[in-house]
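Engineer: Below you'll find the structure I mean.
The values are calculated or read from the model by the stated rules, or taken from the named source; none is laboratory data. Quick caveat, the model's predicted, so the values are computed rather than measured. Positions of Cβ are backbone-derived with ideal geometry, glycine not excepted, and every protein chain shown enters the neighbour counts.
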Amino acid sequence: MKLWFYVTVFTNVKKEDVVKLEGFVVEEPKTSYEELRLTKKGVALILYTSGKLLLQGAEKQVEKLSEELEKRGFGKRQKADHYRKEEGWYIGSDESLKGDTFGGLVVAAVKADDSLRKKLVELGVADSKKLSDKEIIPLARNIKKIAPCEIKSILPDEYNKHQGSITEMLNTFHQEVAGYLLPGIHVVDKYPGCNVGTIREEKAEDKYVEVAAASILARAAALEQLDFLSMEAGFPLPKGSTHVAAALQELRERGLEFSQFVKLHFSNVKEFLKG
């Protein structure tokens, strides 16, 4: 497997430790949530205000620097992303809110060639699960500025009216958002029942920068949707599907229509509505 870019993340990193590193060139931050942006011999370091330090570049250089930072006690190192070497136009797609009780569904796609891939990496694009909510929103805005993209976001009302399974919905939406960006090789972050895309691969956001960028756009749109629904409900709606009982009870006490806020087919919602 040919690798193009290698990305590693450290958490709980202090700014005063990063500024002590020698031989790095200081560059202008690209978002308001970056504290520092440094480069040295093909490796870029981005320190976010959350204390997250992202290293990106050629594998050998990033690994060497990562080992050095570990010896110095630079926070906690996370699993690295190995972005593959690609040629020509690729379209990556990913989804969000699929497993959340509140909210509908979001599917996003991003298209890039070699030039745009480099720009995406320079922005600090990584798997969205490694980034905080505060980092996601400005990063998504910058992705939209430099790369062709498409986002499909449906609210719970539309989601609950859909005929068919969630898998059928995902297949339709992934194909739809990628179709707007064709031509290009479509890479899908594989899910159970996935039957669309030129390439279907699990954890594709760790291997294709376009999918990583799509995961960021999908999550940003999901956050925006939950913010909107929270305003409609009059109280903050939770993410995920494990600690939602209190919010479901709040919906009931406020006399709100459940179909406007949650996925009615979820087992925890069905159980709650029975009570």
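Engineer: Only residues that are crowded, with 22+ Cβ neighbours inside 10 Å and of a type in the set (A, V, I, L, M, F, W, C): list them for segment 199-220, please.
Structural biologist: 204, 209, 211, 212, 213, 214, 216, 217, 218, 220
Engineer: Across segment 34-68, what is the number of residues that are crowded, with 21+ Cβ neighbours inside 10 Å and either closer than 12 Å to residue 13 by Cβ or touching a Lys or Arg at 6+ places or on another chain (Cβ under 6 Å) (or both)?
Structural biologist: 8
Engineer: Kindly indicate whether residue 55 is closer than 20 Å to residue 19 by Cβ, in contact with a helix residue (DSSP H, G or I) (Cβ under 8 Å, 6 or more places away or on another chain) and not in a loop (DSSP other than H, G, I, E, B).
Structural biologist: It is true that residue 55 is closer than 20 Å to residue 19 by Cβ, in contact with a helix residue (DSSP H, G or I) (Cβ under 8 Å, 6 or more places away or on another chain) and not in a loop (DSSP other than H, G, I, E, B).
Engineer: May I pose another question? Between a residue in segment 87-110 that is on the phi > 0 side of the Ramachandran plot and any residue that is β-branched (Val, Ile, Thr) and assigned to a strand (DSSP E or B), which pairs come within a Cβ distance under 6 Å, given they are 6 or more apart or on different chains?
Structural biologist: If the second residue must be β-branched (Val, Ile, Thr) and assigned to a strand (DSSP E or B), the pairs left are 97/106.
Engineer: Let me ask something else. What pairs can you find where one residue is in segment 257-269 and outside the structural domain of residue 169 (by TED's automatic domain parsing), the other is surrounded by 14 or more Cβ atoms within 10 Å (Cβ to Cβ) and of a type in the set (Ser, Thr, Tyr), and their Cβ atoms are less than 6 Å apart, with a gap of 6+ or different chains?
Structural biologist: 262/101; 266/101
Engineer: Looking only at segment 221-275, filter to residues that are of a type in the set (Lys, Arg) and within 18 Å of residue 105 (Cα to Cα); which one of those is surrounded by the fewest Cβ atoms within 10 Å (Cβ to Cβ)?
Structural biologist: Only one residue fits best here, namely 239.
Engineer: Can you tell me how many residues within segment 138-190 are assigned to a helix (DSSP H, G or I), small (Gly, Ala, Ser) and touching a residue at least 60 places away in the same chain (Cβ under 8 Å)?
Structural biologist: Here the count works out to 2.
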